[in-house]
Amino acid sequence: MTSLGDRLKFARKEAKLSQEKLARLVGVKQQAIGALENGDARSTTHLLRLAAALNVRPEWLERGAEPMRPAGEPRANGAQHVDLEARAQQLTNDLLKGRKVTSEEALACYREMLSLVRRWAGEDDSSGS
């Protein structure tokens, strides 16, 4: 795989995500994913979000620098990312609309997001905080 587009397509298919679903995860249009995969676009300002959604290292996605993902990381689970994103969005909407959100709900979502970010950054998440 010699290009960003090739690596993006490979990781997306491995994660069993459509271009449309990946685009929703990252916050771009499906056409942007298609343009990257087809080589019509050679770079993106959304590289970190793409890498996070696909559970790959940004360096691998951008330049092909091995390894593809941090040691011990499983393949991407698009459904997990979609679920977490949906929960976070719902909590945000509830808060913005003045609806009651329990601290347990917010804390559980926050901890899960923090755990994912730490894994993507290659930090140890054994502390459970």
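Brief remarks follow.
- Extreme residue, modelled with the lowest pLDDT, among residues of segment 90-129 that are of a type in the set (A, V, I, L, M) and within 22 Å of TRP60 (Cβ to Cβ): ALA121
- Of the residues making up segment 51-67, those that are within 14 Å of the chain's Cα centre (by Cα) and either under 16 Å from MET1 (Cβ atoms) or modelled with pLDDT of 90 or more (or both) number 6.
- Selection within segment 9-43 - surrounded by 16 or more Cβ atoms within 10 Å (Cβ to Cβ), of a type outside the set (A, V, I, L, M) and without any contact (Cβ under 8 Å) to a residue 40 or more places away in the chain: LYS9, PHE10, GLN19, GLY34, GLU37
- Residues satisfying the criterion are absent from segment 75-89 (criterion: within 19 Å of ALA11 (Cβ to Cβ), modelled with pLDDT under 75 and surrounded by fewer than 10 Cβ atoms within 10 Å (Cβ to Cβ)).
- Residue satisfying all of: in segment 10-50; assigned to a loop (DSSP other than H, G, I, E, B) and of a type in the set (D, E, K, R); modelled with the lowest pLDDT among these: ARG42
- Verdict on THR2 being polar (S, T, N, Q), part of a loop (DSSP other than H, G, I, E, B) and free of Cβ contacts under 8 Å to residues at least 12 places away in the same chain: no
- Whenever a residue of segment 50-68 is touching a residue at least 24 places away in the same chain (Cβ under 8 Å), its partners that are of a type in the set (S, T, N, Q), lying with C-beta atoms within less than 7 angstrom and at least six residues away or across chains, give the pairs LEU50/THR44.
The values are calculated or read from the model by the stated rules, or taken from the named source; none is laboratory data. Since we're looking at a predicted model, the values are computed, not measured. All Cβ positions, even for glycine, are placed from backbone atoms using ideal geometry, and neighbour counts span all protein chains on display.
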